[in-house]
Amino acid sequence: MTVGTAPRLADLTTLGVGGPVARYVETTSEAELVDAVRTADEAGEPVLVLGGGSNLLVSDEGFDGLVVRDTRTGIDVPDHSACAGVTYQVPAGTPWDDVVAEATSHRLYGIEALSGIPGSTGATPVQNVGAYGQEVAQTIATVRVWDRERSRVRTLPLVDLRFGYRTSLLKRSMLAADDPRRDPRDPADERAPWGPTPRYVVLDVTFQLRQGTLSAPIAYGELARTLGVEVGERAPLLDVRAAVLELRGRKGMVLDPADADTRSAGSFFTNPVLDATAAARLPAEAPRYPAGDGLVKTSAAWLIERAGFARGHGMPGPAALSTKHTLALTNRGGASSAEVVALAREVRDGVRAAFGVTLEPEPVLVGLAL
């Protein structure tokens, strides 16, 4: 374990916003990670476990507790079967795109559409990270976690993770016990809400990938058009990765120090999932996608743009919408957390006034609230 000089969270997050931390450690083993979290919990010290820092918006006042950065990397392949596929066991600290690059280069498909997403592998099951018609829930077999409530290591199988659109059992542990967004099948948790780190600290993630030179069936229209195929068809695996990286790059969603549009937390708002009554109030031309159980998903970007917020809204100020994609709130240089939050509130309130839909933030907010 390395005890480092307490940095500013602005230096540890892709948005580049956030004040100092009280205590900072980097862990190089599972035992060190567990010990750091357990010791802080026993002392009543707030804990923020950090991976790539790509999904955080932190107050300028910083974090008065322990920030733990998991620096473990690598991929273990405990099982390689032509019939069952290939098992990847990945430590939580491993950069996510390294995993995708490794898989696609070895003709393993199932996560190719998730290319270019910043952050660590341990964060992917928390959010059920998804893009271009794929989600990590489609390939995850198990997640090993440190359960802070029970103070022990547990292995959670796919069925217990209860994945949903950009959510999971892990993420929902950060909600209050009576929050309607919780899944009623999630186990009771008297100490909820946990935060800013979930009850379950991810130690490693096991993926089950299939072998082949072609991708999984393309499920997203924009990606299909870029590849020149129909939705539902498959395409050469490496071509899909290249196309996704191109699309994300055009939208400022691949990190580039020279491009201020990439100084963001990715998509700031999730796509709203509405019941039939709320969906019926949308304009006829609004995008609608079946979301199961009679629910309808619509496009947050469409709502933002139709509510009057164009790309680059907020410029020349330090906090502005990306010039490439209205879902990204960007730090154009020197933005404070207050300025980013003010922009987020302006967009959220504008969409609510125009359409009666309240957008929900995707990043974890630390010391802040919308």
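Please report the net charge: other residues with Cβ closer than 12 Å to the Cβ of Ile75, K and R +1, D and E -1. Local net charge: -3.
Remark: the Leu370-Ala354 segment gains 3.9 nm on full extension, using 0.36 nm per residue and subtracting the alpha carbon distance. Computed extension length for Asp186-Arg107: 24.8 nm, one decimal, from 0.36 nm per residue of separation with the Cα-Cα distance subtracted. The range 201-244 and the range 53-127 have Cα centres lying 17 Å from one another. Net charge in the neighbourhood of Arg263 (other residues with Cβ under 10 Å of its Cβ; Lys, Arg +1, Asp, Glu -1) is -2. Couplings 3J(HN,Hα) for the range 167-181, derived from phi with the Karplus relation 6.51 cos²θ - 1.76 cosθ + 1.60 (θ = phi - 60°), are 8, 6, 3, 4, 5, 5, 5, 8, 9, 4, 4, 9, 5, x, 7 Hz, where x marks Gly and Pro.
In the Gaussian network model of the chain, springs joining C-alpha atoms below 10 Å, which of Thr262, Thr14, Thr27 carries the largest mean-square fluctuation? Greatest mean-square fluctuation among the candidates belongs to Thr27. Looking at the range 1-90, the DSSP beta bridges with both ends there are about 40 percent antiparallel.
Positive end of the dipole of the chain (Cβ unit charges, origin at the Cα centre): among Gly312, Thr39, Ala338, the Cα lying farthest that way belongs to Gly312. Applying the Karplus relation 6.51 cos²θ - 1.76 cosθ + 1.60 with θ = phi - 60° to the range 46-61 yields 3J(HN,Hα) values of x, 10, 10, 8, 10, x, x, x, 8, 9, 10, 10, 10, 4, 5, 6 Hz, where x marks Gly and Pro. Shown here are the Rg and Dmax of the Cα trace of the range 260-366, at 14.1, 44 Å. The string of couplings for the range 192-208 from the Karplus curve (6.51, -1.76, 1.60, θ = phi - 60°) is 5, x, 8, x, x, 10, x, 4, 9, 8, 5, 9, 7, 10, 10, 10, 10 Hz, one whole number per residue in order, with x for Gly and Pro. Indicate, rounded to the nearest 5 percent, the antiparallel portion of the DSSP beta bridges found entirely in the chain. Rounded to the nearest five, the antiparallel share is 75 percent.
Computed over the chain, relative contact order equals 16 percent, with contacts defined as Cα pairs under 8 Å that lie 6+ residues apart. By the count of other C-beta atoms within 10 Å, a proxy for reagent exposure, Leu169, Leu48 are ordered fewest to most as Leu48, Leu169. Once Rg and the Kirkwood radius are both taken over the C-alpha atoms of the chain, their ratio Rg/Rh works out to 0.95. Taking 0.36 nm per residue of separation and subtracting the current Cα-Cα distance, fully stretching the chain between Ala278 and Val153 would add 40.8 nm. Counting charges near Gly333 (Lys, Arg +1; Asp, Glu -1) among other residues having Cβ under 13 Å from its Cβ returns a value of -1. Sorting Leu158, Leu327 by the number of Cβ atoms found within 10 Å of their own Cβ, with the fewest placed first, yields Leu158, Leu327.
Each value in this text was obtained by applying a stated rule to the coordinates, not by laboratory testing. Computed from a predicted structure; not experimentally measured. Note that each Cβ is placed from the backbone with ideal geometry, even for glycine, and that neighbours are counted across all protein chains shown.
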